[in-house]
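> I am attaching a structure below and will ask some questions about it afterwards.
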Amino acid sequence: MVVFALISRVSDGLPLSATTDHETSQRVLESKKCAKLLSKKAASVPDRCSLHTGSHWLYLISSLGVSFISLCEENYPSVLAFCFLDELQREFISSYDARKVKNVNRPYALIEFNIILQKVKQRYNNTRSLKPRTNLNDMSQEVKLRPPHRLSLDDIGLEKMYETNGSMVAEHFNPLPGKKQPPIGCLGMLFVVLCLLWGFYHFIRIGTIVSSGPIFAQDQYQEILVALSAFFGACVSSILQAYFILFPSLSLRILKATLSGVLITFCCSVLFMDGWLDEAFAYGHIASCWLSFLLISCRQSVAEKLPNYTV
């Protein structure tokens, strides 16, 4: 029997109409995914082809910028499948002109054609009603003279389909949905700039100490080394905090931001204890560091949701 039918635009694979009866079988659902992938490849495959998904057969014909795909059970005759698509094609072309198809800008905009689609599908699933209306002999001769091109799963971007716990599982070449970065906003940009300024400030202090190295007494070298290490740690941690604000999808981001905040607090407590101005800088940096951490922990990436049309 014909399980599912899909009509789409060849140029971009946009689905125009489809049968809307829902099937809960995992095998059918996976084969439907193959049908949708095939519709997106219609521009690069022959205008008449077939594909075995492992549990079903897909048949495709395309003409005048529109592709027609049927999903059939394995024992369904291919001649009947192509007759079904041929009749769908005639009905669709008589209902919609090329301009109407070209101007469609959203998926399943012609879903009302589903009424005709379902009627044709029901007739082809009841073979006793076909003889008076279907010229099977002509289609059989045409299929013999011009056999449909046989596609493989690789041709539509599927590596393989195999049995796992009784269901079909598809391995896609396409990447999984990514993460979408939320807008950073004015507050986020302010803290990014602030973190970079703190990092630049510590870098300047490192340069000052290095350039003044020869004037220090020999017994001060150990203290200078500690100061350089603290300045360097605070500099790197400040830059990392700016990076964590900008890119919230990093793994273990909260843990890394916590460690950088602890390191900044420790470095500031080591460095700025010589006068009130140094203490003010230290407390200011520590406060901005943990405010940045609060912003980092609140700023979460959002998973991109792929369209999931229930047809």
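The values are calculated or read from the model by the stated rules, or taken from the named source; none is laboratory data. The model shown is predicted, which means the values in this text are computed figures rather than measured ones. Here the Cβ positions follow ideal geometry from the backbone for every residue, glycine too, while neighbour counts run over all protein chains shown. These accessible areas exclude ligands, DNA and RNA; they are computed on the full protein's heavy atoms, side chains included. Shrake-Rupley method; radii C 1.70, N 1.55, O 1.52, S 1.80 Å.
> Among the helices (runs of 4 or more DSSP H) lying completely within segment 1-117, list those that include at least 3 residues that are among the charged types (D, E, K, R) and more than 25 Å from the chain's Cα centre (by Cα).
Hits in segment 1-117: 78-95, 98-103.
> Show the residue pairs meeting these rules: Cβ distance below 6 Å; 6+ apart or different chains; first residue within segment 23-44 and more than 15 Å from L153 (Cα to Cα); second residue buried (at least 17 other Cβ atoms within 10 Å of the Cβ) and at pLDDT 90 or above.
A43/V10
> Test S78 against the stated conditions and say whether it is open to solvent by 20 Å² or more (accessible area, probe 1.4 Å), at pLDDT below 90, hydroxyl-bearing (S, T, Y) and out of contact with any Ser or Thr (no Cβ under 9 Å at 6 or more places or on another chain).
Answer is no for this residue.
> Now for a different question. Looking at (1) at pLDDT below 55; (2) outside any strand (DSSP E or B); (3) touching a Cys at 6+ places or on another chain (Cβ under 8 Å); (4) not β-branched (V, I, T), find the lone condition where P177 falls short.
Only one criterion is unmet by P177, namely (3).
> Would it be correct to say that S94 is over 30 Å from D154 (Cβ atoms), open to solvent by 30 Å² or more (accessible area, probe 1.4 Å) and of a type outside the set (K, R)?
Yes; evaluated as a whole, the condition is true for this residue.
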